[in-house]
Amino acid sequence: GCVLVVSVIEQLAQWHNSTIKAALERLCNYIPGEYQITCHMFCCIDREMNADVVCHSLKLCRQDPGQPICHLYPPPKVTPATPTLCTNASAFFSFLPLQKIFTGFSSVCAFPLLANLCEKIKYVLRNKLPFEDFDGDKFSTFPTLRGYHWRGRDCNDKNATVYPGRRPDNWDVTSDSNCNGIWGVDPKDGIPYEEKFCKGADSQGVVLLGDSAGAHFHIPPEWMTVTEMSAKSFANLPVAFTDELDWPQFSEVTGFLNSTIGGWTDSLYLRLRQRNRCNHRDLQNISQNGITYFLVNLPAFLSFSLARNQLLDYPAVVIYATIGNDVCNGDRDTLAHMTTPKEMLSNVVQALRYLDTRLPNGSHLILTGLVDGRFLWDNLHDRYHPLGQLNRDVTYSRLYSFLDCLQVSPCSGWLTPNETLRNLTSERALQLSNVLKEIATSEKFTNFDVFYMDFPLRQTAEEWRKMGGEPWQLIEPVDGFHPSQMAAALGTGITWQKALREWPQVLGKENPFNSQIQATFRDQGGH
């Protein structure tokens, strides 16, 4: 983190031909007020010293005994391990607030008045539940902090029996119990609108069980591209941080808002909603960044996180898509830490048996195979990262090596110059995908049927080429690892077409009353 921020400050000074102090002030003015405290951490930056040297001098980066010095830029003549930049008294005292900031976060929860709040925050983060949920039904009227960007928006946060996805209470004659916007009685014939429009319509929700790709992890490249940087670049910073740098509201499975991060939004939820307007707001994105033991803990995890009542709620289409976590880790001996086919079989079957006790009858589950991540190195390794575009000095290959040295690589097996290791990682991914395929054909469950589909990377790339795009544009530019917004939108269309051809029962029938539902909304002043 230090290296990235210092790099931006130094490049701002270079681009605007200013001093480091002026560049720091410029960056602080760009960032929203409540986040400006982070701007004043960096006290002793010299334009002649690269970001690696500065951060080692600030003691934010260190070299462990017996380990190499991790650096993003070419090593300077002055070794980064030597704290030459912050030895004077003024710099030392400027650095003290920084130390307090970093140590303060861990101790703030010791205060009695904050202890309960801290425990709530930990509970919410651990179980992926909305922070603001007054009635405890796992749905919220607040967008971020696992609110309605992640789950359908609650329409009454003071009543736990009112939430998206439930079957209507008495056909919603007097109020909207399932938040799909359809309630009341048609004065022409006395029939409740919910009964008239939604009875027998195969209403169903969408639930995603995924990793950071499913959560739609994205760091805006304009945060690091100084030639395009302005105050507008950081306008989305509060939303991004309170959504864990994820953008589920634009994602491939549960996206529902027009994308503001490039590309366009197309999602399974939007298509199911277009097919049947009674499905409005029935979505849950239960995804998590950086999970490495998701399946092992899935039953316990879902016992808190999944909002589905087997008796009261509609069925759901559940997508299980951890497309890389079982082979991706940051360990030096990465192969030894990958999930084995035997473990995959045991973990998935155990998880599905638990889901069979929670999902309403008539649900569907789609297992998504793992991606072939060799696509990443093949299309990015010799291109310049946003941090390297100004001086043409940081390629993705160099970024991958830096993260690997720090042992925080999102995937040591694929983000490496070692072709043999990349091939072995893809071989294991294929083995695990074959396990999922076998489960879909051999395992039977009471309340849902199971389908399998390969992750549509090859088809997505082919479609993108036909549109005049380049393969590298399908990858997130900052992390060089996750699918981009274009990839997510294109993938939705490919998945939808496969479902229409091979498993139309998963999508439900088209509601013949869709146009009347929209017309009634307009007549009543709705949107």
* Asked: With axes computed from alpha carbons, what is the tilt in degrees of helix 20-30 against the longest principal axis of the chain, rounded to the nearest 10 within 0 to 90?
  -> 10 degrees
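Taking a 19 Å limit on the Cα-Cα distance, which of the listed pairs 444/509; 342/437; 196/509; 437/498; 158/196 fall beyond it? Present the calculation step by step, with values, prior to reporting the outcome.
Working: 444/509 24 Å; 342/437 14 Å; 196/509 16 Å; 437/498 16 Å; 158/196 28 Å.
Listed pairs above 19 Å: 444/509; 158/196.
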* To do: Would you work out what percent of the accessible area of the chain, with all protein chains in place, is carbon or sulfur (probe 1.4 Å)?
  => 55 percent
* Structure fact -> Long-range amide H partners of residue 445, meaning residues 5 or more apart or on another chain whose placed amide H is closer than 5 Å, are none
* Cβ-defined net charge surrounding residue 124, 14 Å radius [Lys, Arg +1; Asp, Glu -1] -> +2
* Give the ranking of 400, 384 by solvent-accessible surface, highest area first, calculated with a 1.4 Å probe. => 384, 400
* **At q = 0.08, 0.16 Å⁻¹, base-10 log of I(q)/I(0) for the range 205-509 (Debye sum, equal scatterers on each alpha carbon)** => -0.35, -1.43
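When the solvent-accessible surface of protein heavy atoms is calculated with a 1.4 angstrom probe, in what order do 404, 313 fall, highest first? Numbers along the way, then the final one.
Details: 404 50, 313 5 Å².
If we order 404, 313 from most to least accessible, we get 404, 313.
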* Low-density loop cleavage sites - trypsin sites (Lys or Arg not before Pro) in the range 451-512, where at most 13 other Cβ are within 10 Å (DSSP) -> 509
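What are the trypsin sites (Lys or Arg not before Pro) within the range 142-178 that DSSP puts in a loop, where the Cβ has at most 12 other Cβ atoms within 10 Å?
Values: sites: 146, 151, 153, 158, 166; in loops: 146, 153, 158.
The qualifying sites are 158.
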* Rounded, prolate or oblate: pick one for the range 381-513, where a ≥ b ≥ c are the square roots of the eigenvalues of its C-alpha gyration tensor, a/c under 1.5 means rounded, and failing that, prolate if a/b is larger than b/c, else oblate. => oblate
* Per residue, how many Å² of accessible area does the chain show with a 1.4 Å probe? -> 46 Å²
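Would the range 425-464 count as rounded, prolate or oblate if I go by the C-alpha gyration tensor, calling it rounded below 1.5 in a/c and otherwise prolate when a/b exceeds b/c, oblate otherwise? Intermediate values should be presented prior to the final figure.
Numbers: a/c = 4.65, a/b = 1.62, b/c = 2.88.
Here the range 425-464 falls in the oblate category.
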* Structure fact -> Heavy-atom accessible area with a 1.4 angstrom probe orders 73, 148, most exposed first, as 148, 73
* Asked: Considering only 288, 300, 488, whose Cα is most displaced toward the positive end of the charge dipole of the chain, charges sitting on Cβ of Lys, Arg (+1) and Asp, Glu (-1)?
  -> 300
* Using a 1.4 angstrom probe and counting only protein chains, how large is the accessible area of residue 49 in Å², to 10? -> 40 Å²
* Asked: Near residue 128, which lysines are there with a Cα under 19 Å away, not counting those fewer than 8 places off in the same chain?
  -> 120, 138
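Counting other C-beta atoms within 10 Å, and keeping those with at most 15, which DSSP coil chymotrypsin sites (Phe, Trp or Tyr not before Pro) do you find in the range 210-260?
Numbers: sites: 217, 223, 234, 241, 250, 256; in loops: 256.
Filter output for the range 210-260: empty list.
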* To do: Taking H placed 1.01 Å from N in the peptide plane, check which residues at least 5 places from residue 147 or on another chain put their amide H under 5 Å from its amide H.
  => 131
* Structure fact -> Yeah, the chain with a ≥ b ≥ c from its alpha-carbon gyration tensor (a/c under 1.5 is rounded, else prolate when a/b outruns b/c, oblate otherwise) is prolate
* **Protection proxy ranking of 170-182, 482-494 - average other beta-carbon atoms within 10 Å, highest first** => 482-494, 170-182
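The values are calculated or read from the model by the stated rules, or taken from the named source; none is laboratory data. Since the structure is predicted, the reported quantities are computational estimates derived from the model, not experimental observations. Backbone-built Cβ (ideal geometry, glycine too); neighbour counts: all protein chains shown. We work out accessible area using only protein heavy atoms, side chains counted, and drop any ligands, DNA or RNA first. Shrake-Rupley method; radii C 1.70, N 1.55, O 1.52, S 1.80 Å.
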